[in-house]
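Inspection log for the structure reproduced underneath, given as structure tokens.
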Amino acid sequence: MSNNEPVKSTGLHIGDAKPGVAKKDPILVADHVTRSFGGLTAVDVEHLEVPRGAITALIGPNGAGKTTFFNLLTGFDTPNTGEMHFDGKSVRGMRSHQIAKLGQVRTFQLTKALSLLTVLENMKLGAGNQLGEGILKSLIPSIWRKQEAEIEERAIELLNRFKLSEKKDDFAASLSGGQRKLLEMARALMTNPSLVMLDEPMAGVNPALTESLLGHVLDLKKEGMTVLFVEHDMHMVRHIADWVVVMAEGKIVAEGPPDSVMEEQAVIDAYLGSHQETDLGVVTGRVDASEGGEKQ
Amino acid sequence: MDWIQILSNTAESILSPVTFAFVLASLGLALHFGFAGLLNFGIAGFMAIGAYGYALSILRFGFPWWAGILVSIAAAIVFAILLGAPTLRLRGDYLAIVTIAAAEIARLLFLTNTFDDFTGSASGLFGYHNSFREANPLPDGFYGLGPFSYSSTDWWVRIVGLSLLIVVIWLLWALTRSPWGRVLKGIREDEDAVKALGKNVYAYKMQALIIGGVFGALGGVVYALPSAINPTVYVTSLTFFIWTALLLGGAATVFGPVLGSIIFWVLQAFLTNVLPALTQDGAILEGLTSQQGSTLRFILVGIGLMLIVIYRPQGIRGDKRELTFVK
Ligand SMILES: Nc1ncnc2c1ncn2[C@@H]1O[C@H](COP(=O)(O)OP(=O)(O)OP(=O)(O)O)[C@@H](O)[C@H]1O
Ligand SMILES: [Mg+2]
């Protein structure tokens, strides 16, 4: 996958690439979304559109509000003000599981593997609309056995792709940190999402695995999914993102295609600093704060 | 020391209604805690509601015995919803606090003199077994083998208790091996992850609380079936005995609670019989009164519980691999 350069989607926006620029076909739209914790305004997003069918990166320094913004978009937290639309539907006030059911799935910065479920069970849990998950139908296996077999087949296919199939009968607790990231992402894909939101998918993943993970993310786009991911690894951002949104202190300070957005003064000031000319991957990748959180 | 008598009394506890009641209640707790991760410290309250629901609907409303059981089930459902509605969206410890308090409130309501005409307050309830005994298909007489010889009435109690037990074991087994059970186990591990996958975590937790609570109430019914209700039974220590039985057998298993409850009562019966005997002249515990000897069993049970939690926290039937992962 890494041998041939990924095909970048271009022409996603209408007009100049500036914060809040309109997109031709936005899948996710946020308006006036704010969230404060006590005196601190963690998120203050005036307007943001996420283009459909493309890979969008959300970058910004530690504490910029990226995770908080993710939480607001996915219903894990409630904004103080603002409106959010997913696929044209208002999701404000919806509970997280309702939003997830619309086809918007997320992963967490601190990986959430379900430790005392096996890897395969983790995967199967991801599948939506399971007949056997209804309390009455669950009692009669003949109702759900066929669907269960299909789900298992799909799960094993995905596990193969993520190189986890040998671990399928082990407890997820026995996986390494990087493997858990992979499992969480694979499990998210079991929901057949239209928008995949990844919070630092590369943190704690070794360079060899990074390549295959990049490949997986690019595959998602090929399959027609939209990806929105938070990442500190500028190498990855440059390599796979079609669009980059930069956050600082809760606000969107810049957005645009990766190559041009990283030239902008606001981005350099807020995030990249003066090391831009040297290897960005080394300077900004593998941020200690996120790795420390990873191990817990 | 009369070993035959001691062993016979011990064996008898295997088929006693109290053991059945413990099995039922600990199966309810297994669903709550072992599978859904819900901390219910009010299982005694569910049992009290089951017992009183059964007896009161017969005594005060003239219901037949089977309708009394249905009333108990309905009451447990209402109780579970009352407890769960305000707490299940909050952190797990809130449910723990609310359940322990609600169980005490329920017990004190049954105990208070204010409702003496209705609940019988401190003297409890009795004389509600006519309809149950009339339904007994067994001809009068005395049946059985060795320690397991009972009158036809006693057999009828055991048959009904055992039937309820089998239904509940099947239900728990069928539920927990299904995709529904998988969601529940996911919630136990991390409910946010399960929410992110589009499952209505609150609804699942509520369903689990209700079903486990109904199991507990059925335990209360079986406790009350033979003859009478004594309000001093449904105290907080009953809750902790049930927890002991559950942890002994293995919380996240179906047969663990069954085994744990039986072992708990066999051990109790054995110690109750053997300890007073050991206080006789010339025996090890000479110098203690027989009552003191008998009380020793609680100390031994406490030590036993500590040993389990330290050396085998997953219980007898639990998966050994779980031990490797301390959260
Ligand atoms: N629950 C909370 N209570 C109080 N403050 C919070 C809470 N969650 C986040 N914050 C604050 O909001 C700000 C944004 O945090 P957030 O986690 O969104 O940052 P981030 O952009 O994801 O950073 P990182 O790159 O380090 O993951 C931080 O200053 C943080 O301290
Ligand atoms: Mg973050």
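The values are calculated or read from the model by the stated rules, or taken from the named source; none is laboratory data. Quick caveat: nothing in here was measured; it's all calculated off a predicted structure. No Cβ is skipped: glycine too gets one built from the backbone with ideal geometry, and neighbour counts run over all protein chains shown. Accessible surface areas use protein heavy atoms only, side chains included; no ligands, DNA or RNA. Shrake-Rupley method; radii C 1.70, N 1.55, O 1.52, S 1.80 Å.
Within the stretch B:213-237, which residues are assigned to a helix (DSSP H, G or I) and buried (at least 24 other Cβ atoms within 10 Å of the Cβ)? Matches in the stretch B:213-237: B:GLY213, B:VAL214, B:PHE215, B:GLY216, B:ALA217, B:LEU218, B:GLY219, B:GLY220, B:VAL221, B:VAL222, B:TYR223, B:ALA224.
Restricting A:GLU231, A:GLU200, A:GLU211, A:GLU255 to residues that are out of contact with any helix residue (DSSP H, G or I) (no Cβ under 8 Å at 6 or more places or on another chain) and of a type in the set (Asp, Glu) narrows the list to A:GLU211.
Checking each residue in the stretch A:122-140 for being facing chain B (nearest Cβ under 7 Å) and either assigned to a helix (DSSP H, G or I) or within 21 Å of the chain's Cα centre (by Cα) (or both) picks out A:LYS124, A:LEU125, A:GLY126, A:GLY128, A:GLY132, A:GLU133, A:SER138, A:LEU139. Please find, among A:VAL282, A:VAL287, A:VAL244, A:VAL267, the residue that is within 19 Å of A:THR210 (Cβ to Cβ), within 16 Å of ligand 1 (Cβ to nearest atom), out of contact with any Leu (no Cβ under 7 Å at 6 or more places or on another chain) and at pLDDT below 85. Result of the check over A:VAL282, A:VAL287, A:VAL244, A:VAL267: A:VAL287. Screening A:GLY53 with (1) within 16 Å of ligand 1 (Cβ to nearest atom); (2) open to solvent by less than 40 Å² (accessible area, probe 1.4 Å); (3) away from every other protein chain (no Cβ under 14 Å) gives one miss only, at (1). Note on the stretch A:75-105: residues that are more than 13 Å from ligand 2 (Cβ to nearest atom) and assigned to a loop (DSSP other than H, G, I, E, B) amount to 13. Among helices (runs of 4 or more DSSP H) entirely within the stretch B:134-212, having at least 3 residues that are modelled with pLDDT of 95 or more and over 23 Å from A:ALA113 (Cβ atoms) singles out B:152-176.
Residue pairs, Cβ under 6 Å, 6 or more apart or interchain, first in the stretch A:94-121 and more than 8 Å from chain B (Cβ to nearest Cβ) and at positive phi, second surrounded by fewer than 19 Cβ atoms within 10 Å (Cβ to Cβ) and assigned to a loop (DSSP other than H, G, I, E, B). List them. Listed by first residue and then by second, the contacts come to A:GLY103/A:SER194.
The residue list A:PHE108, A:PHE70 contains one member that is assigned to a loop (DSSP other than H, G, I, E, B) and either in contact with a strand residue (DSSP E or B) (Cβ under 8 Å, 6 or more places away or on another chain) or among the charged types (D, E, K, R) (or both), which is A:PHE108. The number of residues in the stretch B:51-67 being assigned to a helix (DSSP H, G or I) and within 10 Å of B:TYR128 (Cα to Cα) comes to 7. In the stretch A:56-73, the residue that is surrounded by the fewest Cβ atoms within 10 Å (Cβ to Cβ) out of those that are within 9 Å of A:VAL230 (Cβ to Cβ) and either within 14 Å of another protein chain (Cβ to nearest Cβ) or more than 8 Å from ligand 1 (Cβ to nearest atom) (or both) is A:THR67. Screening A:GLY20 against (1) open to solvent by less than 40 Å² (accessible area, probe 1.4 Å); (2) out of contact with any helix residue (DSSP H, G or I) (no Cβ under 7 Å at 6 or more places or on another chain); (3) within 24 Å of A:PRO193 (Cβ to Cβ); (4) not in a helix (DSSP H, G or I) leaves a single unmet condition, (3). Taken over the stretch B:167-210, the residue count meeting the criterion of being within 8 Å of chain A (Cβ to nearest Cβ), open to solvent by less than 40 Å² (accessible area, probe 1.4 Å) and either hydrophobic (A, V, I, L, M, F, W, C) or free of Cβ contacts under 8 Å to residues at least 24 places away in the same chain (or both) is 16.
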